[in-house]
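Have a look at the structure below, then the notes.
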Amino acid sequence: MTSQIRTRIVELQSEIEIKKSAIARVEQDDVCVSYQREKREITAIETRITANEQALSANQNQYLERFYTQINFHFKQFGSDNFTLEKGTDKRGHQPVYFLKVKFKNVEVSDSNITKVFSESDKRALALLLFWAKMDFLTTEQKQKAIIVLDDPVTSFDDNRILKSITRIKEALRAVGQSSF
């Protein structure tokens, strides 16, 4: 009889635990529903973040390709026909790092040799054309609000580069809200 009572007590304790679990599920149903809803929202947000990151990366790459195309265009316009400027990418870190890759007569120039290949005029032209390339991407409204200040941008330029610079400055002045040279 004692063993039957002990068996019955164990059965009842088991039933009590089952009932407690059932009661807890009912009591926590709102919390579980809220958790599941928030988990779905988090998943949806993570999906949107991934899609936005991919779109941002694609837009950034497109912008950079256009920007480097403009840099190269202006550099050739300033008389540096033997040079090609391209976007270089270093993907060793967490985020890619973009840099200017220089080729002379289609041979890539290492960073350590750029100062040997670029004349002082080329360096100044490169600095100026980076400015012009950035100007190319401004909207008409942004250009109308812009004020251009150039401090002797043609130092060390030959006559051809000086003429091209003056022509480009005059073109820019017509596009911006400024009226004097």
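The values are calculated or read from the model by the stated rules, or taken from the named source; none is laboratory data. Given the structure is predicted, the values throughout are model-derived calculations rather than measurements. No Cβ is skipped: glycine too gets one built from the backbone with ideal geometry, and neighbour counts run over all protein chains shown.
Remark: Phe83 matches the filter, which requires a residue to be aromatic (Phe, Trp, Tyr) and surrounded by 15 or more Cβ atoms within 10 Å (Cβ to Cβ). Scanning segment 135-163 for residues that are under 16 Å from Glu120 (Cα atoms) and among the hydrophobic types (A, V, I, L, M, F, W, C) yields Val154, Phe157, Ile162. Being more than 30 Å from Gln95 (Cβ to Cβ), part of a helix (DSSP H, G or I) and either at pLDDT 90 or above or not β-branched (Val, Ile, Thr) (or both) is not true of Ala55.
For segment 118-132, check the following and say yes or no: at least one residue is modelled with pLDDT under 90, touching a strand residue (DSSP E or B) at 6+ places or on another chain (Cβ under 6 Å) and closer than 30 Å to Asp152 by Cα. No; the residues of segment 118-132 include none that is modelled with pLDDT under 90, touching a strand residue (DSSP E or B) at 6+ places or on another chain (Cβ under 6 Å) and closer than 30 Å to Asp152 by Cα. Considering (1) surrounded by 15 or more Cβ atoms within 10 Å (Cβ to Cβ); (2) on the phi > 0 side of the Ramachandran plot, the lone condition that Trp132 does not fulfil carries the number (2). With respect to the conditions (1) buried (at least 17 other Cβ atoms within 10 Å of the Cβ); (2) part of a helix (DSSP H, G or I); (3) hydrophobic (A, V, I, L, M, F, W, C); (4) modelled with pLDDT under 90, Phe73 lacks only one, and its number is (1). Just one of the listed residues (Ile23, Ile49, Ile9) is part of a helix (DSSP H, G or I), among the hydrophobic types (A, V, I, L, M, F, W, C) and within 30 Å of Lys87 (Cα to Cα), namely Ile49. The single condition from (1) in contact (Cβ under 8 Å) with a residue 40 or more places away in the chain; (2) within 14 Å of Gln77 (Cβ to Cβ) that Ile162 fails is (1). Listed here are the helices (runs of 4 or more DSSP H) enclosed by segment 114-181 that have at least 1 residues being under 26 Å from the mean Cα position of the chain (by Cα) and either within 16 Å of Gln70 (Cα to Cα) or among the basic types (Lys, Arg) (or both): 120-136, 140-145. With the structure loaded, tell me whether Leu85 is free of Cβ contacts under 8 Å to residues at least 60 places away in the same chain, touching a strand residue (DSSP E or B) at 6+ places or on another chain (Cβ under 8 Å) and under 27 Å from Ile169 (Cβ atoms) or whether it fails that test. The answer is yes for Leu85. Please verify whether segment 92-107 includes one or more residues that are of a type outside the set (Asp, Glu), touching a residue at least 24 places away in the same chain (Cβ under 8 Å), outside any helix (DSSP H, G or I) and on the phi > 0 side of the Ramachandran plot. No, segment 92-107 contains no residue that is of a type outside the set (Asp, Glu), touching a residue at least 24 places away in the same chain (Cβ under 8 Å), outside any helix (DSSP H, G or I) and on the phi > 0 side of the Ramachandran plot.
Within segment 24-42, the set of residues being surrounded by 10 or more Cβ atoms within 10 Å (Cβ to Cβ) and modelled with pLDDT of 85 or more comprises Val33, Ser34, Tyr35, Gln36, Arg37, Glu38, Lys39, Arg40, Glu41, Ile42.
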